[in-house]
Amino acid sequence: MLSISGQYLARYRGLPPDGGVTLPVTGAQRRFILVRALDPTGRPDLVPMFFAFPRGTVDPVRLAAAAGRLAALHPVLRGRPGVVRGTPVLRVERPDVPVVRVPLAPGEEAGTALRRALSAWTPDGPPLRLFLIDDDGTVCGDGDGDGGAASGAGAGPGGGAEGGPGGPAAEREVLAVVLDHAVCDGTSLARIVEELGAAYAEGPGAGAPAPADVDAGLAAYREAVLLQLDAEDRAASPESLAYWGDRLRAVRDRSPAPRPGAPAAGARPSGSAHALLPSSAGGVPFPELLDACRAAARALYGPGHVVPLGYPWGGRPPGAERVLGCFLNTVVFPAATGQAPSGAEVTADTWWDDLDRADVPFDAVVHAAREAGSGWSGRLDGLLTVDDSRQRSPLRLAGIEGREVHVDGRPVRGPFAVSVTQGPELRLRMAWDRAVLDDRTALDAFDALAGALGTTAEAASATGRPLT
């Protein structure tokens, strides 16, 4: 019997020509497209990266030309989700990357204006968009940044209000590079930053890529997705599905329903807290991060539950070219809150077993859990993303290096999301949906999270009060 990915691939290959270019979607893309379709507002998951430059650095015309060349070479950056005979696909359109200068309403802060611009994202438009705004100190003043951390892709570190390029915040501008999560993962973000800077250095007179290069990019992307779907089909063996069914049998949705009237009108939809913690040269092992999230889940939902936490994992399939796209899978970690959060050794053992079956697509895992008797809907009550700040170069435009910064208060897909940036120090951030969790409860969970990683609750609280 064919797996979910195998069935999808068979349907895709049976589609008739429709006069355009349609590409198959990976299991990860299927998940993002489905989540967007089920959202009452139709909002997609966005991955923004924010870079501060001295004011006047960014030439919008030159930037638009650079981004257009990038989208021409990488078909996923000009793909639009669509459905043909009930089969999800990406329709490849012409390159179109808007560069929008975000105006400030009277009395409006720059951070608020950026959140307003992102909330107005129309899901049927281009998956890569650029926003430019003058910074009044509200974007770069929190002393910590992590790009798209709470979204699932992960990103690198930022900085404080006075130490960045161009001096005081009032003399800076912020460039937001924003992508639909259905077209990118962490590897793609690093390459987009690198190639956007290189294309900008060529200048607007560089011209469009050669047609042969465009065709080669299209063929490489299609082949990579087909290889990915084959890998997903092989991974979803009866033995692997039985493993996940047994592993997740006790999982249930744990998050409470949205609170009536919360958040208040005009309030940020999410709260956040952050801390800068000591880190060893090798960073914190992933099982310890999972156990820290278990401690946060215990503080949020109480003991005696098995809470579904998700984390992105994966990479390009063997033999595939290094194309931009979304090739990560969301792996589910059943966090038993009745266990003490010091069981890292036990967590490591089960985590390694999980990784042996991490290529089974998320939708197949949910189906296996429900077949095994779980009442889990597939909603995640928490999300963990981890990034290594040493793995991505900063965005450089015309020889000027942008500092990556953070914009708090953006919507969170799920009750809470934890992002960790590994580097010389450990940057820890937690964001939460204020319609689901009150700030006091979420801050207690953040203190438990930070405390499990070796700092005191008092230190975490002093470093990480919410930016509301």
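Scan region 399-424 for residues that are crowded, with 24+ Cβ neighbours inside 10 Å and in contact with a Ser or Thr (Cβ under 6 Å, 6 or more places away or on another chain) and jot them down. The answer is Pro415, Ser419, Thr421. In region 243-263, the count of residues that are in contact with a Leu (Cβ under 7 Å, 6 or more places away or on another chain), touching a residue at least 24 places away in the same chain (Cβ under 8 Å) and open to solvent by less than 50 Å² (accessible area, probe 1.4 Å) is zero.
Among residues of region 299-328 being of a type outside the set (A, V, I, L, M, F, W, C) and under 18 Å from Ser419 (Cα atoms), the one that is most open to solvent (accessible area, probe 1.4 Å) is Gly314. In region 74-101, the residues that are on the phi > 0 side of the Ramachandran plot form no Cβ pair under 6 Å with any partner that is among the acidic types (Asp, Glu) and assigned to a helix (DSSP H, G or I), whether six or more places apart or across chains.
The residues of region 26-44 that are of a type outside the set (A, V, I, L, M) and touching a strand residue (DSSP E or B) at 6+ places or on another chain (Cβ under 7 Å), listed by number, are Gly27, Arg30, Arg31, Pro44. Among the residues making up region 360-383, those that are open to solvent by less than 20 Å² (accessible area, probe 1.4 Å), part of a loop (DSSP other than H, G, I, E, B) and closer than 20 Å to Thr26 by Cα are Val360, Pro361, Gly378. Listed by first and then second residue, the pairs with beta-carbon distance under 8 Å, at least 6 apart or on different chains, first residue in region 278-292 and under 13 Å from Val346 (Cα atoms), second of a type in the set (Lys, Arg), form an empty list.
For region 231-242, the set of residues classified as in a helix (DSSP H, G or I) and open to solvent by less than 50 Å² (accessible area, probe 1.4 Å) consists of Ala231, Glu232, Ala235, Ser240, listed by residue number.
Only one of the numbered conditions (1) open to solvent by 50 Å² or more (accessible area, probe 1.4 Å); (2) in contact (Cβ under 8 Å) with a residue 12 or more places away in the chain; (3) part of a helix (DSSP H, G or I) is violated by Ala190, and that is (1). How about region 122-146: which of its residues are modelled with pLDDT of 60 or more, open to solvent by less than 10 Å² (accessible area, probe 1.4 Å) and hydrophobic (A, V, I, L, M, F, W, C)? Selection gives Leu128, Leu130, Leu132, Ile133, Val139. Of the residues Leu70, Leu77, Leu118, the single one that is assigned to a helix (DSSP H, G or I), hydrophobic (A, V, I, L, M, F, W, C) and open to solvent by 10 Å² or more (accessible area, probe 1.4 Å) is Leu118.
Assuming Phe50 fulfils every condition listed in (1) of a type outside the set (Ser, Thr, Tyr); (2) within 20 Å of Pro411 (Cα to Cα); (3) surrounded by fewer than 17 Cβ atoms within 10 Å (Cβ to Cβ) apart from one, which condition is it? Condition (3) is where Phe50 drops out.
Kindly establish whether Val405 is within 16 Å of the chain's Cα centre (by Cα) and at pLDDT below 95. Judged against the criteria, Val405 is a match. Residues that are part of a helix (DSSP H, G or I) and either at pLDDT 95 or above or among the aliphatic types (A, V, I, L, M) (or both) within region 160-180 comprise Ala169, Ala170, listed in sequence order. Per the listing Leu355, Leu380, Leu384, the residue uniquely in contact (Cβ under 8 Å) with a residue 24 or more places away in the chain, touching a strand residue (DSSP E or B) at 6+ places or on another chain (Cβ under 8 Å), within 17 Å of Ser237 (Cα to Cα) and not charged (D, E, K, R) is Leu355. Of all the listed residues (Arg396, Arg390, Arg427), the sole one being modelled with pLDDT of 95 or more, closer than 29 Å to Pro54 by Cβ and open to solvent by 10 Å² or more (accessible area, probe 1.4 Å) is Arg396.
Of all residues in region 205-220, those that are closer than 19 Å to Glu321 by Cα have Cβ atoms under 8 Å from Cβ atoms of residues that are charged (D, E, K, R) and open to solvent by 60 Å² or more (accessible area, probe 1.4 Å), 6 or more apart or on another chain, in Ala220/Glu321.
Failed condition for Arg36, given (1) within 28 Å of Glu404 (Cα to Cα); (2) open to solvent by less than 30 Å² (accessible area, probe 1.4 Å), with all others met? All conditions pass for Arg36, except number (2). Just to be sure, is Val61 more than 30 Å from Ala37 (Cβ to Cβ) and either in a helix (DSSP H, G or I) or open to solvent by less than 60 Å² (accessible area, probe 1.4 Å) (or both)? In short, yes.
Determine whether Gly382 is touching a Cys at 6+ places or on another chain (Cβ under 9 Å), closer than 16 Å to Ala442 by Cβ and of a type outside the set (Phe, Trp, Tyr). It is true that Gly382 is touching a Cys at 6+ places or on another chain (Cβ under 9 Å), closer than 16 Å to Ala442 by Cβ and of a type outside the set (Phe, Trp, Tyr).
Among the residues of region 5-26, are any in contact with a helix residue (DSSP H, G or I) (Cβ under 9 Å, 6 or more places away or on another chain), more than 28 Å from Asp215 (Cα to Cα), surrounded by fewer than 19 Cβ atoms within 10 Å (Cβ to Cβ) and in contact (Cβ under 8 Å) with a residue 40 or more places away in the chain? Within region 5-26 (the criterion being in contact with a helix residue (DSSP H, G or I) (Cβ under 9 Å, 6 or more places away or on another chain), more than 28 Å from Asp215 (Cα to Cα), surrounded by fewer than 19 Cβ atoms within 10 Å (Cβ to Cβ) and in contact (Cβ under 8 Å) with a residue 40 or more places away in the chain), the answer is no, since none of the residues qualifies.
The values are calculated or read from the model by the stated rules, or taken from the named source; none is laboratory data. Just so you know, these numbers come straight off a predicted model, no measurement behind them. Note: ideal-geometry Cβ built from the backbone for every residue, glycine included; neighbour counts use all protein chains shown. When the accessible area is computed, the model is the full protein with side chains, heavy atoms only, and any ligands, DNA or RNA have been set aside. Shrake-Rupley method; radii C 1.70, N 1.55, O 1.52, S 1.80 Å.
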